[in-house]
Amino acid sequence: MVEKLRIGIAGLGTVGSEVVTMLQMRAGQLSGQSGRQIEIVGVCARDRTRMRPFTPGPWTWYDTPEALAVAPDVDIFVELIGGEDGPALNAVTLALQHGRHVVTANKALLARHGLELARLAEAGKVALAFEAAVAGGVPVIKMLREGLAGSQINRISGILNGTCNYILSKMETEGLSFADGLAEAQRLGYAEADPTFDIGGFDTAHKLALLTSLAFGTAVDRDAIHIEGIESITLADIRAAAALGFRVKLLGVAERNEHGIEQRVHPTMITHAAPLSQVMGVTNAVSIDADAHQRLTLIGPGAGGKATAAAVMADITDIARGNVPHPFAVPATSLTPGERVPMQAHRGGYYIRMFVEDRPGAFATIATRMAEHGISLESIMQRSGTEHFLGATCVPVVLITHATTEKLVRDALDAVLADGYVSERPQIFRIERE
Ligand SMILES: NC(=O)c1ccc[n+]([C@@H]2O[C@H](COP(=O)([O-])OP(=O)(O)OC[C@H]3O[C@@H](n4cnc5c(N)ncnc54)[C@H](OP(=O)(O)O)[C@@H]3O)[C@@H](O)[C@H]2O)c1
């Protein structure tokens, strides 16, 4: 008779409550799939008196996650508290040190401490599983770690933050301003009262850091990622992009190039033909370019209690089956340091929107500055609308460049600004030929 697998769950909020419910409802299915009976033996949250959306079971309540993490009858410690430090880090560290498997949905924790936690897990020969930490219910971790084992991955790009994708979708489909799109997302509970973490691109960066490590065998390093958010995107940009056959998406991209593994999060223009451009609202998606497969794209719910809990259940089932892989696919000691590839070296096409003073010579000077920096223009368009700056009338102008480098674009724009025809720092988006 195979022994029971005993679970301790710390955090009984949106995700934790769903995990409890699923474990209660699917006990039979789980033991059928894994060959082991799985039961919750301990739980923990901040407030013991709070009403929870599940029927309490015959488990022990623990007052701290740390106490639950080292409880002698816990085989898998499930961390669903959140936060990159504090109780989540302390409890996960203790659990691994005491030989407990860990399942977590906490991308912030792993993006910051993933390497040392992976080392601890490997030293204790236990699992550190985090399917739920990236793209919620989309099984991208397993795909990278197992489905694509043996393939060479050259590029990953993803819509990894539902809040940003929701706001950008609303701007495009309903003509909302950025501020109104954000307010709508907050009203519906898709965005926090302080939305900086999402709209500033940091949440996407945490998830990208994990995907990069799995795909390229580099140590998780969120500091190696160039990060820009979506705050500066205007409706005029969305409309100009649409007129040119593009959509604007906040993408996390990691790709192998001659400089190393370039990791970046920024608003990106992609053509309507790209699978990622069809992903609207809070949905997440990840495209992976692997040598033999060319492109694989996974699309699905990136958040929400049920979808995220399903990913936690998949990790628990895996452990019950005896599947204890290296957390980042290869031994943590063999992960190579992830060096930051300078964004100045990025090569690609650019969208540049600027307000140009409406007087003779302005267009010609801009075109000259671009040519002086070796930048070839695919198109130059004057868009409708005007703006007044220091008494002058300015018109919006959009340039689309052929492939060039970020450094040349920045240098050319510095020269354009110095000429004094432009009213404010130009908006630039990288164009991805997805
Ligand atoms: N929500 C999603 O859609 C989603 C998607 C993907 C990943 N995740 C990740 O899943 C994790 C949990 O997210 P969530 O949305 O479920 O969060 P949540 O609803 O805020 O729940 C957090 C839980 O942690 C408990 N908690 C907080 N501090 C604690 C402490 N010091 N000691 C013990 N318990 C403590 C809270 O207790 P009380 O209930 O008593 O306050 C609550 O039950 C996070 O890492 C998040 O990034 C969430």
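When the residues of the stretch 110-145 are narrowed to those that are within 20 Å of the chain's Cα centre (by Cα) and charged (D, E, K, R), which ends up surrounded by the most Cβ atoms within 10 Å (Cβ to Cβ)?
Across the stretch 110-145, the extreme among qualifying residues is GLU131.
Take the residues in the stretch 16-50 that are of a type in the set (Gly, Ala, Ser) and in contact with a Ser or Thr (Cβ under 6 Å, 6 or more places away or on another chain), then tell me which one is farthest from the ligand (Cβ to nearest atom).
Quick first cut of the stretch 16-50, residues of a type in the set (Gly, Ala, Ser) only: 16-17, 27-28, 31-32, 34-35, 42, 45.
Those still in the list that are in contact with a Ser or Thr (Cβ under 6 Å, 6 or more places away or on another chain) too: 34, 42.
Working: SER34: 23, GLY42: 12 Å.
Only one residue tops the list, namely SER34.
Does the stretch 44-64 contain any residue that is part of a helix (DSSP H, G or I) and in contact with a strand residue (DSSP E or B) (Cβ under 9 Å, 6 or more places away or on another chain)? So that I can check it myself, show each step before the final result.
Going residue by residue through the stretch 44-64, those that are part of a helix (DSSP H, G or I) are none.
No: zero hits.
Can you name the condition, by its number, that TYR351 falls short on among (1) part of a loop (DSSP other than H, G, I, E, B); (2) surrounded by 22 or more Cβ atoms within 10 Å (Cβ to Cβ); (3) in contact with a Phe, Trp or Tyr (Cβ under 6 Å, 6 or more places away or on another chain); (4) not polar (S, T, N, Q)?
So the condition that TYR351 fails would be (1).
Among the residues of the stretch 294-317, is any under 18 Å from LEU148 (Cβ atoms), surrounded by fewer than 18 Cβ atoms within 10 Å (Cβ to Cβ), more than 16 Å from the ligand (Cβ to nearest atom) and of a type in the set (D, E, K, R)?
Yes; the residues of the stretch 294-317 include at least one that is under 18 Å from LEU148 (Cβ atoms), surrounded by fewer than 18 Cβ atoms within 10 Å (Cβ to Cβ), more than 16 Å from the ligand (Cβ to nearest atom) and of a type in the set (D, E, K, R).
Kindly list the number of the only condition in (1) surrounded by 16 or more Cβ atoms within 10 Å (Cβ to Cβ); (2) over 26 Å from GLN24 (Cβ atoms); (3) within 15 Å of the ligand (Cβ to nearest atom) that fails for ALA95.
For ALA95, the exception is condition (2).
Coordinate-derived values only; no laboratory data. Values in this document were obtained by computation on a predicted structure and should not be read as measured data. Note that we place each Cβ from the backbone using ideal geometry, even for glycine, and neighbour counts take in every protein chain shown.
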